[in-house]
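Participant: Below you will find the structure I want to go over with you.
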Amino acid sequence: MLKLVLTCEHGGNQVPAVYTSFFEGKESQLSSHEGYDIGALELFRELEPLADKTFYSQTTRLLVELNRSLHHAKLFSDVTRQLHDNNKSAILKEYYFPYREQVEHFIHDFIMAGRQVLHIAVHSFTPELNGETRETDIGLLYDPKRNLEQTICRRWKQEFQNADKDLLVRFNYPYLGISDGFPTYLRRKFTDEQYIGVELEVNQKFYTGSPEKWEHVKQTIYSSLQNTLTHFRPELHEEEEEL
């Protein structure tokens, strides 16, 4: 049986009280796309009813980047990169490891119980970065070498087009699905058949624009994902057909 695990690594821009002094004068940065994925948590909440398990964080990514590996240069932001190693270790112990480990352990438990896991990480992206306009509405990020990820993303894009042909959906844009991220890490832990990792990237222009359009986009994402799940669950699991 296919299980859907939904995560949102950058759901908020909260600063733990013990670290507020480091962020004095950084209010504009915290409220920007640098501080969190604008609109992502609201979209995550919209999709929650479809999921078998959900995880999210509302701690600002400027404290520590939950979607980066320990070796990544941007694990800590320009605000926290210069902190003493003891402070960094405390941040990792309190915020980074608990989040990542609970998600990994839950996926592991599903898989050990004979389930297959589709993990969708919900993100949003700024319409313009470094003077360059991002030319897409929705991005579906996956590893092209993993057949199930490619197949599911192709179907999901088709469902988007069926629901709203005006929405521009692109694969592995504005980021590559194989770039350093939580799903990339998890792919090294589980096989193609066990784990299907997809990062959903939604343009923040919808959240900051017309409320009616944002509501339409959220509902379109929900219905397209629901239809995709309905299509694939029997195909990916013979046992599902027997239930």
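The values are calculated or read from the model by the stated rules, or taken from the named source; none is laboratory data. All values derive from a computational prediction rather than experimental measurement. Note: ideal-geometry Cβ built from the backbone for every residue, glycine included; neighbour counts use all protein chains shown. For accessibility, only protein heavy atoms count, side chains too; no ligands or nucleic acids. Shrake-Rupley method; radii C 1.70, N 1.55, O 1.52, S 1.80 Å.
Participant: Scan region 64-78 for residues that are in contact with a helix residue (DSSP H, G or I) (Cβ under 6 Å, 6 or more places away or on another chain) and among the aliphatic types (A, V, I, L, M) and report the count.
Facilitator: Of the residues in that region, 2 qualify.
Participant: Anything in region 148-203 that is acidic (Asp, Glu) and either under 20 Å from Arg115 (Cβ atoms) or free of Cβ contacts under 8 Å to residues at least 40 places away in the same chain (or both)? List them, or say none. First the steps, then the outcome.
Facilitator: To start, the set of residues in region 148-203 that are acidic (Asp, Glu) comprises 149, 159, 164, 166, 180, 192-193, 199, 201.
If the condition is that a residue be acidic (Asp, Glu) and either under 20 Å from Arg115 (Cβ atoms) or free of Cβ contacts under 8 Å to residues at least 40 places away in the same chain (or both), then Glu149, Asp166, Asp192, Glu193 are the ones that fit.
Participant: When you scan region 124-156, how many residues do you find that are assigned to a loop (DSSP other than H, G, I, E, B) and touching a Cys at 6+ places or on another chain (Cβ under 8 Å)? Spell out the reasoning first.
Facilitator: First pass over region 124-156, keeping only residues assigned to a loop (DSSP other than H, G, I, E, B): 126-127, 130-131, 134-137, 142-146.
Those still in the list that are touching a Cys at 6+ places or on another chain (Cβ under 8 Å) too: 142.
Here the count works out to 1.
Participant: Is it true that His216 is surrounded by 15 or more Cβ atoms within 10 Å (Cβ to Cβ), under 16 Å from Lys3 (Cα atoms) and not acidic (Asp, Glu)?
Facilitator: No: the conditions fail for His216.
Participant: Now for a separate question. What's the total number of residues in region 183-202 that are hydroxyl-bearing (Ser, Thr, Tyr) and assigned to a strand (DSSP E or B)? Reasoning before the result, please.
Facilitator: First, the residues of region 183-202 that are hydroxyl-bearing (Ser, Thr, Tyr): 184-185, 191, 195.
If we keep only those that are assigned to a strand (DSSP E or B) too, we end up with 195.
The qualifying residues number 1.
Participant: Being within 30 Å of Gln116 (Cα to Cα) and surrounded by fewer than 18 Cβ atoms within 10 Å (Cβ to Cβ) is the filter; apply it to region 55-94 and report the residue that is nearest to the chain's Cα centre (by Cα).
Facilitator: Step by step, filter region 55-94, then rank; the result is Gln58.
Participant: Can we say Asp37 is acidic (Asp, Glu) and open to solvent by less than 40 Å² (accessible area, probe 1.4 Å)? So that I can check it myself, show each step before the final result.
Facilitator: Values: acidic (Asp, Glu): yes; open to solvent by less than 40 Å² (accessible area, probe 1.4 Å): yes.
Spelling it out, Asp37 is indeed acidic (Asp, Glu) and open to solvent by less than 40 Å² (accessible area, probe 1.4 Å).
Participant: Moving on. Residues to consider are Tyr56, Tyr95, Tyr19; find the one that is more than 26 Å from Val217 (Cβ to Cβ) and in contact with a Ser or Thr (Cβ under 7 Å, 6 or more places away or on another chain). Talk me through it step by step, then tell me what you get.
Facilitator: Details: Tyr56 fails: more than 26 Å from Val217 (Cβ to Cβ); Tyr19 fails: in contact with a Ser or Thr (Cβ under 7 Å, 6 or more places away or on another chain).
Going through Tyr56, Tyr95, Tyr19 in turn, the sole match is Tyr95.
Participant: While we're on this one: Could you please find all residues in region 1-10 being open to solvent by 10 Å² or more (accessible area, probe 1.4 Å) and outside any strand (DSSP E or B)?
Facilitator: Filtering region 1-10 for residues open to solvent by 10 Å² or more (accessible area, probe 1.4 Å) gives 1, 3.
Matches in region 1-10: Met1 only.
Participant: Ok, one more. Given (1) among the charged types (D, E, K, R); (2) under 16 Å from Thr126 (Cβ atoms); (3) part of a loop (DSSP other than H, G, I, E, B), where does Asp180 come up short, assuming only one miss?
Facilitator: (2)
Participant: Could you please give the count of residues in region 31-62 that are closer than 18 Å to Lys205 by Cα and in a helix (DSSP H, G or I)?
Facilitator: Residues of region 31-62 closer than 18 Å to Lys205 by Cα: 31-44, 46.
This time we only want the ones that are in a helix (DSSP H, G or I), so: 40-44, 46.
The total comes to 6.
Participant: I'm told Val18 meets every condition in (1) in contact (Cβ under 8 Å) with a residue 12 or more places away in the chain; (2) out of contact with any helix residue (DSSP H, G or I) (no Cβ under 6 Å at 6 or more places or on another chain); (3) not acidic (Asp, Glu) except one. Can you identify the failing condition by its number?
Facilitator: (1)
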